[in-house]
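To start, the structure itself, in structure tokens.
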Amino acid sequence: MKTFALISIAIFIASSSAVAQQSAGCEYNYEIFESNQTVSVEDLAEFFGSLSFSEIIRESNAEVLNEDGVIPAGVQIQVPMNIARYNSGDMPLEYALDNPYCDPDEDEDTMEAFRRAFESLVNEEQGAAVQQQQQERQLIMEVDGMIYDETMSKIGRDFYDVFYTYWQSPPDAYNYSIVVSEQPAPGMGTIVSIRVNDHLMFNTRLQPRFDFIEEVGRQAVQVTYNFLQNGQYQQQIY
């Protein structure tokens with residue numbers, strides 16, 4: 001057998017149009033060599049372990065073969081990964097012939113790892129988007145839903161305090177404001193009102209007894225909560 005020297009100059013992974021076939025699920029993986037003399041494809045195949053590699057090596061280097069079908073000295077030779085490594089391990093010949101460019105199992109593992117990483121990235125971005133939406137909604141709700149005190153007397157202020165203490169906004173309510181106001185009624189005590197976005201929700205006369213004020217205040221909370229929960233208040237505030 002003719003002897004010649006091969007100098008390994010690089011190892012890289014690339015796709016090449018010079019190769020006519022591809023193992024299922026594999027990229028075209030090569031090790032790149034350079035010969036210091038003209039070499040035939042058959043001699044090259046035997047150098048890497050088997051004359052059976054000839055056709056695969058020929059297809060991989062079709063662009064550099066001269067008119068005599070040999071590889072000139074000094075050109076880069078593409079040797080499929082598993083053919084280049086055939087002599088250095090216990091790889092069966094049939095396996096190298098069937099999978100010259102890569103290990104399908106390793107390639108599938110790589111693709112599965114990539115899919116998992118991609119799905120994790122997508123889920124992370126979706127989670128960040130949802131979190132941002134929730135933060136924006138929370139900010140709106142913190143600025144929104146204000147309760148304004150327009151009472152004037154101690155009785156009216158007590159009513160406002162009860163309402164404010166027991167008030168809790170419905171989870172999905174936003175874009176609203178509540179005004180607690182008071183109108184003196186000579187000879188009848190005082191009349192308190194609650195408006196949501198200018199909708200009159202509650203209107204009643206107060207008696208100067210705290211137990212009565214507390215009972216009426218809690219009733220006002222329930223009426224207002226139900227109104228907001230049913231979405232009847234929706235109108236733009238300017």
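One table, with the values for the structure above:
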item	result
Residue list for the stretch 188-226, filter: loosely packed, with under 15 Cβ neighbours inside 10 Å, part of a helix (DSSP H, G or I) and aliphatic (A, V, I, L, M)	VAL223
Members of the stretch 68-105 that are in contact with a Pro (Cβ under 8 Å, 6 or more places away or on another chain) and not in a loop (DSSP other than H, G, I, E, B)	PRO80, MET81, ASN82, ILE83
Hits in the stretch 49-67 (condition: among the β-branched types (Val, Ile, Thr) and in a loop (DSSP other than H, G, I, E, B))	VAL64
Answer residue from the stretch 40-64, given it is among the charged types (D, E, K, R) and within 48 Å of the chain's Cα centre (by Cα) and is nearest to ASP98 (Cα to Cα) among those	GLU55
Per-region count, the stretch 156-182, residues over 42 Å from the mean Cα position of the chain (by Cα) and at pLDDT below 90	0
Qualifying residue in the stretch 160-168 (condition: surrounded by 14 or more Cβ atoms within 10 Å (Cβ to Cβ) and either of a type in the set (S, T, N, Q) or assigned to a strand (DSSP E or B) (or both))	no
So TYR86, is it in contact with a Gly (Cβ under 7 Å, 6 or more places away or on another chain), surrounded by 14 or more Cβ atoms within 10 Å (Cβ to Cβ) and not β-branched (Val, Ile, Thr)	yes
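The values are calculated or read from the model by the stated rules, or taken from the named source; none is laboratory data. None of the values given here were measured: they were computed from a predicted structure. Cβ sites come from the backbone with ideal geometry, for glycine too, and all protein chains shown count toward neighbours.
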